[in-house]
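The structure under discussion appears below in the form of C-alpha cells.
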Amino acid sequence: GVRQPLVARVIDVSNGKIDVAESCLEETGGLGVDIVLDAGVKLYRAEDESTSKSQLLPHKHDIITLLGVGGHWITTEKHLQLDPPDSHSLFLKGATISFLNDEIWNLSNIQQGKYLSILEDIMEKLSSSIFRPQLDEPIPLYEAKVSMEIVQKNQARKRQVIQF
C-alpha cells in the first residue's frame, strides 16, 4: 500500500524548554503549519501573566509566527486581543481565526448535517442542469494580457475564461 505522510506531531512544551514556534517552523522547513487549535493562549508578556496554568500556554505571537500561508487558527481564548501588527501579519499570510467554545462544539454536528444536506441538494441540481454556472464569453488568447491587467487593477471583479 501507499504510505501515508505524517500529518500530526505532538510537541511537549510542559518542561518549558521548547520554543513552540521555533520547533514548528523547524519541523515544516520554515513553511509553518496549516491549522492551530489551542487550549488558550498567553496574551501578555511572561512577567504580566500571574497564573501558573498560563505559563504552559503558547503566546499569541508564537501562534501567528508558526501559521503558514492560508493557515487557520482556531482558538478557545474568548478574551483574545490582537494588536494592529498581529492583524497585519495574519492579513499578509491570508490566515483566518475562528473561535471554538462549548456551544459551537455541541452544535457542530447539527450544523454539519444541515450544511451537508444543502451542499448535496446544490450538487444534485448542478448535475441535473437545474442550476447552471453563468460563464462569460471566452476571451481569445491575444486579449488575455489586457483582460488580466483590468482584473488586477480591480476595474473588473470577475473570473475570465480564456480560450486557447
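The values are calculated or read from the model by the stated rules, or taken from the named source; none is laboratory data. Just so you know, these numbers come straight off a predicted model, no measurement behind them. All Cβ positions, even for glycine, are placed from backbone atoms using ideal geometry, and neighbour counts span all protein chains on display.
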Mind listing whichever residues of segment 105-150 are surrounded by 10 or more Cβ atoms within 10 Å (Cβ to Cβ), modelled with pLDDT under 75 and among the aliphatic types (A, V, I, L, M)? LEU107
Among the numbered conditions (1) modelled with pLDDT of 90 or more; (2) under 15 Å from the mean Cα position of the chain (by Cα); (3) over 30 Å from PHE131 (Cβ atoms), tell me where ASP83 comes up short. (2)
Consider only pairs whose beta carbons are under 6 Å apart and that are at least six residues apart or on different chains; among these, list those whose first residue lies in segment 16-36 and is under 18 Å from HIS61 (Cβ atoms) and whose second residue is among the charged types (D, E, K, R). VAL20/ASP62; ALA21/ASP62
